[in-house]
Protein chains: 2
Amino acid sequence: MPEKILLSHGSGGSAMQELIRGLLLKKLHNPILKELTDAALIRHRERIAFTTDSFVVSPLFLRGADIGKLAVCGTVNDLVMLGVQPEHLSLGLIIEEGLDYRTLERIVDSIASSARRAGVSIVTGDLKVVERGAADKIFINTSGIGRVIKGADLSLKRIRPKDKIIVTGEIGSHGMAVVCGRKGAGLGFNIASDCASLNTLLLPVIRKTRAVKFMRDPTRGGVAATLNEIAGATGYGILIKEKMIPVAPRVRMACELLGLDPLYVANEGKALLIVEAKGAEKVLKSLRKHSLGRKAKIIGEIRPGLGGKVVLETRLGTERIVDMPAGEILPRIC
Amino acid sequence: MPEKILLSHGSGGSAMQELIRGLLLKKLHNPILKELTDAALIRHRERIAFTTDSFVVSPLFLRGADIGKLAVCGTVNDLVMLGVQPEHLSLGLIIEEGLDYRTLERIVDSIASSARRAGVSIVTGDLKVVERGAADKIFINTSGIGRVIKGADLSLKRIRPKDKIIVTGEIGSHGMAVVCGRKGAGLGFNIASDCASLNTLLLPVIRKTRAVKFMRDPTRGGVAATLNEIAGATGYGILIKEKMIPVAPRVRMACELLGLDPLYVANEGKALLIVEAKGAEKVLKSLRKHSLGRKAKIIGEIRPGLGGKVVLETRLGTERIVDMPAGEILPRIC
């Protein structure tokens, strides 16, 4: 294990995986935690899911999002990924002394309206203030609970070769909105975050069909990290086709300028779905009827070979391995 | 509302109350949140409680406690106060780049052993790393869920004049352990925090008797803040007797030296119970059988008059009002 915690330990890549498995899973092990799903499934008389997420994004306000909206949508989406109807959120605020009240109010307004839109309520909370310099403006933790949809059965264990991989829309917008929103970046690309709650897009699909086997939102580490996690957990390879992957032109341009690969850039309003091949077109059609899914695409499939790797077929027809991100990508993206 | 957020907004006193009521409750209102209990009670087929707490204590390690133990015990106790058997915790870590891995490991060890002792499991988590200087070493959020004990009916609404007030042990130890643990304090008092999970002390009592009407753990703002909250919410006055309030000699001496009043100093392993008069002695006896309750005392009672204030009868027989703490007391106490 490392001597010091580095930014790469929070980047969603392999360093973070090692820290989680090498320290946290080892010491806190229990059958629910070890599943490492986005939320914990807890059996009461009904199945309840429970999740947590902290938000440390910088800057606090972006085009199309802010730390408050992110805190609601991020936790809502962690529940949705398990086929869960989000119901209740908690709100933990850690505030730096001296924060403008107006800033806090804007953030709370955004939390309130995002919660309303997602149909969840903030039912409990906690407030801490630390002295100037001990935190950067504000950090927010939202934990969430919800009820598992009847019949929902989303699990890595159901994934098989030939299953299709669907992305619900254009990738990389959130991460590039953060980069462009940072002081000094001044790139003029004016990219808006894709931050959105995905319950109204995805839960109706889960209710209608059993074809969707697994969902995950590609946040830190982007599509690359999520697909590598799936490959790692199932042992199957994954083939994706560059020409099928939707990326907004301005996101692509900003990525090229900065030497970033959109596959590694964070999303906050997108999901990757692993879908049984024969149901994939129908799922795609349903998704496209929703404003958040209009640009959904089948981008690849599960393969038995490929050495259990994620492989990208480029526009030129060549193939390259898409590795797990290893180091620090973009800190404080969410 | 204020222009800037001040440390006093996080101190558990009236400034925090105003911020919570003036901003958070107003914008996020819903019937569950407005109860402002330590955890949210959510009706599923069984009653589930849900709570959250962030920990920003400095220093990270104290005699008798550390941020990891606090994070478990604090959230466990928030559930216990509602008559809830704590079951599952989430763990959200916000770490400053450069934290020693050994420090993180010690904290996780402490979380693991505290969770084991309290009979709860960490079932979901989140990890963020922020760049050097953007946070102070580590902040921890723990949210928790549990099941409401059958028959438990703890509510401010049940409180009536003549009800007795029980404190489960000596007060002020946690806050003074933090003060003495801070660099430069060097007071030589060697005070240990009282940090402990109270489920094994309190839940058996709740199971046995309906005499306990309300419980709360006097953390930030101490016994003074908690009693003022009870007085404010019920409209009744509260009379407490100084000579009945248990304070360890070294805590009393440290408080005197620093000009602090133990009534305002935080506790992390104590509870205040409001108990029907005729059952109070029996409850006291049960508490005293447990190692965490050996010094439990009846310290006062609910009174119809007193102008709805908290009044202390001093050792000299005079009376003084114990106000809600107003400003910054001791920041980063938990």
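The values are calculated or read from the model by the stated rules, or taken from the named source; none is laboratory data. All values reported here derive from a predicted model rather than from experimental measurement. For neighbour counting, all protein chains shown are included, and Cβ atoms are generated from backbone atoms with ideal geometry for every residue, glycine included. Calculation scope for accessible area: heavy atoms of the full protein, side chains included, ligands and nucleic acids excluded. Shrake-Rupley method; radii C 1.70, N 1.55, O 1.52, S 1.80 Å.
Within the range B:76-101, the set of residues being charged (D, E, K, R) and in contact with a Leu (Cβ under 8 Å, 6 or more places away or on another chain) comprises just one member, B:Glu97.
Return a yes/no flag: does the range B:298-314 have any residue that is free of Cβ contacts under 8 Å to residues at least 12 places away in the same chain and outside any helix (DSSP H, G or I). The answer is no; no qualifying residue exists. Of note, A:Ile333 does not satisfy the criterion of being open to solvent by 30 Å² or more (accessible area, probe 1.4 Å), of a type in the set (Val, Ile, Thr) and either under 30 Å from A:Ser54 (Cα atoms) or outside the structural domain of A:Ile165 (by TED's automatic domain parsing) (or both).
Could you go through the range B:125-144 and let me know if any residue there is within 9 Å of another protein chain (Cβ to nearest Cβ), open to solvent by 20 Å² or more (accessible area, probe 1.4 Å) and not charged (D, E, K, R). Yes; the residues of the range B:125-144 include at least one that is within 9 Å of another protein chain (Cβ to nearest Cβ), open to solvent by 20 Å² or more (accessible area, probe 1.4 Å) and not charged (D, E, K, R).
Here A:Ser114 clears all of (1) at the interface with chain B (Cβ under 9 Å from one of its Cβ atoms); (2) of a type in the set (Ser, Thr, Tyr); (3) buried (at least 20 other Cβ atoms within 10 Å of the Cβ); (4) closer than 23 Å to A:Ala177 by Cα except the condition numbered (1). Scanning the range A:157-182 for residues that are aliphatic (A, V, I, L, M) and either more than 15 Å from the chain's Cα centre (by Cα) or assigned to a helix (DSSP H, G or I) (or both) yields A:Ile159, A:Ile165, A:Met176, A:Ala177, A:Val178, A:Val179.
Within the range A:1-18, if we keep just the residues that are more than 8 Å from A:Gly327 (Cα to Cα) and more than 7 Å from chain B (Cβ to nearest Cβ), the residue that is modelled with the highest pLDDT turns out to be A:Glu18. Would you be able to say whether some residue in the range A:55-66 is under 21 Å from B:Ile140 (Cα atoms), within 7 Å of another protein chain (Cβ to nearest Cβ) and in contact (Cβ under 8 Å) with a residue 12 or more places away in the chain? Yes, the range A:55-66 contains at least one residue that is under 21 Å from B:Ile140 (Cα atoms), within 7 Å of another protein chain (Cβ to nearest Cβ) and in contact (Cβ under 8 Å) with a residue 12 or more places away in the chain. Tallying residues that are open to solvent by less than 10 Å² (accessible area, probe 1.4 Å) and at the interface with chain A (Cβ under 9 Å from one of its Cβ atoms) within the range B:92-111 yields 7. Of all residues in the range B:84-94, at least one satisfies being within 30 Å of B:Gly237 (Cα to Cα) and either part of a strand (DSSP E or B) or touching a strand residue (DSSP E or B) at 6+ places or on another chain (Cβ under 9 Å) (or both). If you go through the range B:269-317 and keep only what is of a type in the set (Val, Ile, Thr) and within 19 Å of B:Ala224 (Cα to Cα), you end up with B:Ile274, B:Val275, B:Ile298, B:Ile299, B:Ile302, B:Val310, B:Val311, B:Thr314.
Taken over the range A:46-76, the residue count meeting the criterion of being assigned to a loop (DSSP other than H, G, I, E, B) and among the small types (Gly, Ala, Ser) is 2. Here A:Leu79 meets the list (1) open to solvent by 10 Å² or more (accessible area, probe 1.4 Å); (2) within 12 Å of chain B (Cβ to nearest Cβ); (3) in a helix (DSSP H, G or I) almost entirely, failing just condition (1). Looking only at the range A:60-92, residues that are among the aliphatic types (A, V, I, L, M), in contact with a Lys or Arg (Cβ under 8 Å, 6 or more places away or on another chain) and either outside the structural domain of A:Asp136 (by TED's automatic domain parsing) or within 19 Å of B:Ile145 (Cα to Cα) (or both) come to 1 in all. Restricting attention to the range A:153-188 and to residues that are under 25 Å from A:Pro331 (Cβ atoms) and without any contact (Cβ under 8 Å) to a residue 60 or more places away in the chain, the residue that is least open to solvent (accessible area, probe 1.4 Å) turns out to be A:Ala185.
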